[in-house]
């Protein structure tokens, strides 16, 4: 396949673009991917259309947040492992710093009435946005394939009933998706001693907690397919139900913070890590989540072009995407039972859903901030 030669620019300019995108790129993974296509492929021609399409395919195939993986792949195309590393750091760093600041304020001032009021409104709005995202992702990826919709429904019901993401179901849906194409082939921390840096909502955290954070968020990063919102049900099952690190409301607040900050939605893990174990916990959670997606892009990238069109691989991705879409829908139900507590929160959730569905130019941050202001007014 012949490739359109891209315009060669200094690596610092390429990295600077992703630093800006990570700082001002609102709208979630689909919007961020669209910005890259518009800016890098169509306007500046820094990336060839072929490389962009292959990056999208790899990001959909491998577990990990879609936008972050695409950015890492494009960095690899531009300058190998060095380019992938610098681009990945530049893309995630702005939102990580912002989330750290918000987490510090939450720990310090979380009991203040205005912040509780803001999350009263924001939490309800997030439910509407998550529901809209699940439906949009399902429509765009499942099409008219009945089997994929069955997988979607099964995953949604399982998540709603068990209140956690069942990873085995993800893998089963992937295997079924691959099997329907052709017969299956052979399947080829440092702990800081300073208490201040380890202090979250419940005081200083010990080494065992940091290791649990590292292990759990590594698993989370290895099973997030497609949209960053797919990590929500997985995190809910562990952070709230299994380990009891956060309450339902605190977890919903963490998701809300990720929605109002630029960059990848998966950065919510840094907020959760901070609440559990302070700045060190945030750093451990972020590294543990993003490191698997980085390795799963840089590792197979040199060989991916040979197998990108393999129908078995496409079938597996279709099945996993269907399960991920269903899990997001189930998560909206699980979280909605806690966030929608009265008529006002129901109205805010429905208003956010309507705004995202019918107002094409309504940015998610504007919807979230508006809901927060309304929550402050109502609770005030």
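Read-outs: derived from the displayed coordinates by stated rules, not from any lab. If you're wondering where the values come from, they're calculated on a predicted model, not measured in any experiment. We place every Cβ from the backbone using ideal geometry, glycine too, and count neighbours over all the protein chains shown.
General observations
- With each label modelled as a point 7 angstrom along the Cα→C-beta vector, the residue 7-residue 346 pair spans 5.4 nm.
- Neighbour counting of Cβ atoms within 10 Å sorts the residues 144, 53, fewest neighbours leading, into 144, 53.
- Computed E for residue 242/residue 53 - FRET, C-beta separation, R0 51 angstrom, nearest 0.05: 0.85
- Point-to-point label distance, residue 162-residue 107, nm (Cα→Cβ direction, 7 Å offset): 3.2 nm
- Taking the fewest neighbouring Cβ atoms within 10 Å as the starting point, the ordered list for 211, 135 is 211, 135.
- Using a simple spin-label model with pseudo-atoms 7 Å out from Cα toward Cβ, residue 357 and residue 310 lie 4.0 nm apart.
- Sorted by Cβ density within 10 Å, fewest first, the residues 159, 261: 261, 159
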